[in-house]
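Chemist: Pasting a structure here, questions to come.
The values are calculated or read from the model by the stated rules, or taken from the named source; none is laboratory data. Predicted, not measured: the structure shown is a model, and the values here were computed from it. For neighbour counting, all protein chains shown are included, and Cβ atoms are generated from backbone atoms with ideal geometry for every residue, glycine included. Quick note on the areas: whole protein, heavy atoms, side chains included, nothing else; ligands and nucleic acids left out. Shrake-Rupley method; radii C 1.70, N 1.55, O 1.52, S 1.80 Å.
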Amino acid sequence: MTAIDFKRFFAKTTPIAPSPVQAMAKETAIVASHINLVYRNGGEEFNALQDVSLTVKSGEVHLLMGPSGSGKTTLLSILAGLLTPTRGQVNLLGEEITQLSRSRLAAFRLKHLGFVFQGFNLFPALTACENVEVAFHLKGVPQARKHAIELLDQVGLADRCNHRPQDLSGGQKQRVAIARALAGNPQIIMADEPTAALDSQNGHAIITLLRNLAKTSGRTVLIVTHDPRILDVADRVTDLEDGKVVTKAKLG
Amino acid sequence: MASIARKNLFEDIPRFLVAQAGIMFAVSLVTVQLGILRGFSRSTAIVIDYARADLWVASKEMVAFELTSPLPADYVNKSMAITGVDRAEILLVRAGRWRGADGKLSPARIFGFNPDGELFAGWTLSDGSLQAIKQPYTAIIASGVEKSLGLDENNRTGSIAGLPVTIVGTAEDVQSNASSPFLFSSLETANTYGDAEINSSINCVRQPDGNLNCTNSFKNRPLGQKLGDLASPQPLSLSDPISYILIRAKPGQNLPQLKQRLLAALPETQILTQAEIAAITRNYWEVRTGVGFILGLGATVGFIVGMVVVGQILYASVADHIREFGTLKAMGASNGVIYRIIIEQSLWMAILGYVPSIGICLTLGQWTQMTRGIMILIEPSTAAAVLLLTVVMCMGSAIFAVQKVTRVDPAIVFKA
Ligand SMILES: Nc1ncnc2c1ncn2[C@@H]1O[C@H](COP(=O)(O)OP(=O)(O)OP(=O)(O)O)[C@@H](O)[C@H]1O
Ligand SMILES: [Mg+2]
């Protein structure tokens, strides 16, 4: 067997300059263009999203607001690649995720996205540490326990490692969920109503935590909410109504 | 990974126990059905298995071990005269009606053989001795038939065709589940029991008008006759019908050739190896009677019921954790990861259901063997087959349950 010519090999596969899309990815984390989504139930069709376009810059805390039924969760699902839009494209970190196969999408989410849910979605049978460890295991990161403890420490729950979700308060559960979302250092955190199940004090603490995590590490945070009390932590807000974007307010 | 499968399983212990009870039920059902089938099949020819003959001389008309036509007794002498034959022993297979001390009637299968012989009685006795049946009107019973024959510790007697029977021993694990209770006696005693039933004669007198006037007289001996008053059983005469001749070849004999020599010397017979006659008998019961089919059907139905039960349990468990699976998928877990969790869970359920079930079935088998002489045969191969079936059952239902998570609706994940 002849030796592989590594120079030639890399010269062929390594682009000399970043592509325009990759360059764009430096400042925009999420670009959604002309998203339409039609829910079909039997014979009935429902336009949940109509021509929604949205840009979220890297490192910003972006709120997606709107009344109940306006399509926020639907949009978030599409942005996360959990739902395929009827029309339109989604670009995350320079990758056209609407073009990816299911398995590539899963791999993309695993690497780049972290999720926080309204209902926490922790594994009730696992302890706080184990819940966070799962994310590390999925990502193939060694020493999951050590990393999990570090993350729980970051969200102020170092002493709750061995507690099961049922033994934690709502706010604590959401902190564990945030720790889990942070595992493996994803660039984008998506949260659907992370404060809805919490009282205002806990809710505010959670949002502040999310914001601080974003600001200290340059992560992009997209939060779906209809909680007006957390407006003050946002860099930008997109308002949805009846499946359409109504305002894009820039705060501050 | 901290086993999500295992933790999910043990999260709710009462629920887990209920699920396991279902699986244990399914596994036990399959095991018992399979064990009965195997035990039944084994038992039908176990008497043959215990014998140590190289060849069996049987009537050409033999259908199965206990269903054969008689051979002339002098065939035993002819057999002895053939080159290569070391020993030839007679085996009688007779039927009789047993009347227990309680007066209840039961059919009985009577085997007659020479207690000094070497080829037939390979079984072990849990009590008594082979030599004891040299006493007239005595028999050894197969273990497990005591109840059917109305025998117990204090009462070891009964009668066949008015002749007394004293039980002088018990042979372990020899009873056929397809047959009547087994009694083993000396040739003479067995022959007498077997004859007595049919010991009737017809006397006919020609009437002047040419018609025959016949009277049928039975010579059954009255019940309750004392042993001392009875004549000893007559030794077998050359004209008596016998059932089989067991042959031991001289060392180093070519069995196929010996078979041919025997066949040539003994017309209207078939010469079978011990394995052949056992196989014919088992095949008869398994294939040619409905019994094997029914038991096989039972095992199949058990498997299907088990599959459904396990499928439901696993499906319910997956449905219970659907949000967690959805969350894993949202986090970017591949289908493979999720399948692995479900399959691991199903394997845990399989193993944890299997182990106690086999324990239960072994105990049950011991009990049926002890009390009824009915064997639920759980050989290592049966146990391995059931383990395989259990795993297939659980994996099969896991694959079924996996369908539920291949397409997780994001709505489930984001629901409050
Ligand atoms: N699977 C579905 N099939 C049909 N219609 C659906 C489906 N999912 C959502 N919808 C409809 O789409 C619209 C948008 O739903 P969505 O869940 O995105 O709203 P939302 O803004 O998240 O509301 P909320 O604040 O109450 O969570 C609603 O009218 C809803 O009824
Ligand atoms: Mg919603």
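Chemist: Write down the percent of antiparallel bridges among all DSSP beta bridges whose residues are both part of the protein assembly as shown, to the nearest 5.
Modeler: 70
Chemist: Quick one: pull the percentage of alpha-carbon pairs in chain A with a separation above 35 Å.
Modeler: Result: 19 percent of Cα pairs exceed 35 Å.
Chemist: How large is the convex hull of the C-alpha atoms of the protein assembly as shown per residue, in Å³?
Modeler: Residue-normalised Cα hull volume stands at 298 Å³.
Chemist: Ok, one more. Which links in A:K244/B:K404; A:K146/B:K329; A:K57/B:K7 stretch past 29 Å when you go from one Cα to the other?
Modeler: Pairs exceeding the cut-off: A:K244/B:K404; A:K57/B:K7.
Chemist: Tell me, what does the Kirkwood hydrodynamic radius of the stretch A:91-221 come to in angstroms if you use every pair of distinct C-alpha atoms?
Modeler: 14.9
Chemist: Further, regarding this structure: How far is helix B:335-372 tilted, in degrees, relative to the longest principal axis of the Cα atoms in chain B, given as a value from 0 to 90 rounded to the nearest 10?
Modeler: Helix B:335-372 and the main axis of chain B meet at about 30 degrees.
Chemist: With all protein chains present, calculate the accessible area of B:S237 using a 1.4 Å probe and round the result to the nearest 10 Å².
Modeler: Estimated to the nearest 10 Å², B:S237 gives 50 Å².
Chemist: For the stretch A:146-213, just the Cα atoms, rotate onto the principal axes and tell me the three extents in Å, largest first.
Modeler: Principal axes ranked by extent give 32, 30, 16 Å for the Cα atoms.
Chemist: Another question about this same structure. Which whole-Hz couplings ³J(HN,Hα) result when phi for each residue of the stretch B:267-276 is put into the Karplus expression 6.51 cos²θ - 1.76 cosθ + 1.60, θ = phi - 60°, listed in order with x for Gly and Pro?
Modeler: Running phi through 6.51 cos²θ - 1.76 cosθ + 1.60 with θ = phi - 60° gives x, 6, 10, 10, 10, 10, 6, 4, 5, 5 Hz.
Chemist: Using modelled backbone amide H atoms (1.01 Å from N, in-plane), which distant-in-sequence or interchain residues come within less than 5 Å of B:D86's amide H?
Modeler: B:R248, B:A249, B:K250
Chemist: Shifting gears a bit: Are there GluC sites (Glu not before Pro) in the stretch B:1-88 that DSSP marks as loop and that have at most 16 other Cβ atoms within 10 Å, and which are they?
Modeler: Those satisfying the criteria are B:E61.
Chemist: Next question, about the same structure. Roughly what would the spin-label model give for B:L362 and A:E150, points 7 Å off Cα along C-beta, in nm?
Modeler: Once both label points are built, they end up 5.0 nm from each other.
Chemist: Throw me the Rg/Rh for the stretch B:222-342, computed over C-alpha atoms with Kirkwood Rh, two decimals.
Modeler: That ratio equals 1.42.
Chemist: Considering the Cα trace of the stretch B:73-134, what is its radius of gyration and what is Dmax, both in angstroms?
Modeler: 15.6, 51
Chemist: If you place +1 on the Cβ of every Lys and Arg and -1 on the Cβ of every Asp and Glu, how big does the dipole about the Cα centre of the stretch B:32-85 come out, in debye to the nearest 20?
Modeler: In total the dipole reaches around 140 debye.
Chemist: Right, another one. At 1.4 Å probe size, put A:R229, B:R407 in order of accessible surface, largest to smallest.
Modeler: Greatest to least solvent exposure: B:R407, A:R229.
Chemist: Going by Cα centres, the stretch A:21-88 and the stretch A:151-208 are how many Å apart?
Modeler: Taking the Cα centre of the stretch A:151-208 as reference, the centre of the stretch A:21-88 is 25 Å away.
Chemist: Using a 1.4 Å probe and ignoring any ligands, DNA or RNA, find the accessible area of B:T371 and quote it in Å² to the nearest 10.
Modeler: Surface accessible to solvent at B:T371 totals approximately 40 Å².
Chemist: What Kirkwood radius, in Å to one decimal, follows from the Cα pairs of the stretch B:246-298?
Modeler: Hydrodynamic radius (Kirkwood, Cα pairs) of the stretch B:246-298 is 13.2 Å.
Chemist: Only Cα pairs under 8 Å and at least 6 apart count here; give the relative contact order of chain A as a rounded whole percent.
Modeler: Over chain A, the number comes to 26 percent.
Chemist: Shifting gears a bit: If you find the alpha carbon centre of the stretch B:107-180 and of the stretch B:75-100, how far apart are they in angstrom?
Modeler: Using only Cα atoms to place each centre, the spacing works out to 18 Å.
Chemist: Can you tell which of B:L163, B:L362, B:L67 shows the greatest fluctuation in a Gaussian network model of chain B with Cα springs below 10 Å?
Modeler: With Cα springs under 10 Å in chain B, the top fluctuation among B:L163, B:L362, B:L67 is at B:L67.
Chemist: Averaging sequence separations of C-alpha pairs under 8 Å and six or more residues apart, then dividing by the length of the stretch A:125-252, give the relative contact order as a whole percent.
Modeler: Relative CO of the stretch A:125-252 lands at 19 percent.
Chemist: In percent, what relative contact order does the stretch B:36-100 have, based on Cα pairs under 8 Å that are 6 or more apart in sequence?
Modeler: 17
Chemist: Ranked highest first by the average count of other Cβ atoms within 10 Å around their residues, in what order do B:110-121, A:113-124, A:145-156 fall?
Modeler: Result, highest mean Cβ count within 10 Å first: A:113-124, B:110-121, A:145-156.
Chemist: Suppose the Debye formula is applied to equal point scatterers at every Cα of the stretch B:33-159; what is log10 I(q)/I(0) at q = 0.13 Å⁻¹?
Modeler: Log10 of I(q)/I(0), two decimals: -0.68.
Chemist: Sorting B:K415, B:K329 by accessible area (1.4 Å probe), largest first, what list results?
Modeler: B:K415, B:K329
Chemist: Same structure, new question: Can you work out the Karplus-derived ³J(HN,Hα) for every residue in the stretch B:143-157? Use 6.51 cos²θ - 1.76 cosθ + 1.60 with θ = phi - 60°, whole Hz, and x for glycine or proline.
Modeler: 5, x, 9, 3, 5, 4, 8, x, 9, 8, 3, 7, 10, 10, 10
Chemist: Considering only protein heavy atoms and a probe of 1.4 Å, how much of the accessible area of chain A is carbon and sulfur, as a whole percent?
Modeler: C and S atoms contribute 51 percent here.
Chemist: Treating only the Cβ of Lys, Arg, Asp and Glu as charged (+1, +1, -1, -1), what charge dipole size does the stretch B:301-393 show about its Cα centre? Round to the nearest 20 debye.
Modeler: Here the size comes out at about 60 debye.
Chemist: Percentage of Cα-Cα pair distances in the stretch B:6-50 greater than 13 Å, rounded to whole percent?
Modeler: Summing the P(r) tail past 13 Å for the stretch B:6-50 gives 67 percent.
Chemist: Something else: What fraction, in whole percent, of alpha-carbon pairs in chain B exceed 43 Å separation?
Modeler: Summing the P(r) of chain B above 43 Å gives 35 percent of all pairs.
Chemist: I've got another one for you. In degrees from 0 to 90, rounded to the nearest 10, what is the angle of the helix B:13-44 Cα long axis to the longest principal axis of chain B?
Modeler: 20
Chemist: Also, I was wondering about something else. Please give the calculated 222 nm ellipticity per residue for chain B, where each DSSP H segment of at least 4 residues contributes -39500 (n - 2.57) and the sum is spread over every residue; nearest 500 deg cm²/dmol?
Modeler: -15500 deg cm²/dmol
Chemist: Please calculate how many Å² of accessible area chain A carries per residue, with a 1.4 Å probe and no DNA, RNA or ligand atoms counted.
Modeler: Value for chain A: 48 Å² per residue.
Chemist: Counting only protein heavy atoms and a 1.4 Å probe, tell me what percentage of chain B's accessible area is made up of carbon and sulfur.
Modeler: Heavy-atom surface of chain B belonging to carbon and sulfur, 1.4 Å probe: 59 percent.
Chemist: For a quick check: with amide H placed at 1.01 Å from N, whose amide H comes under 5 Å from A:L64's, ignoring anything fewer than 5 positions away on the same chain?
Modeler: A:I223, A:V224, A:T225, A:T238
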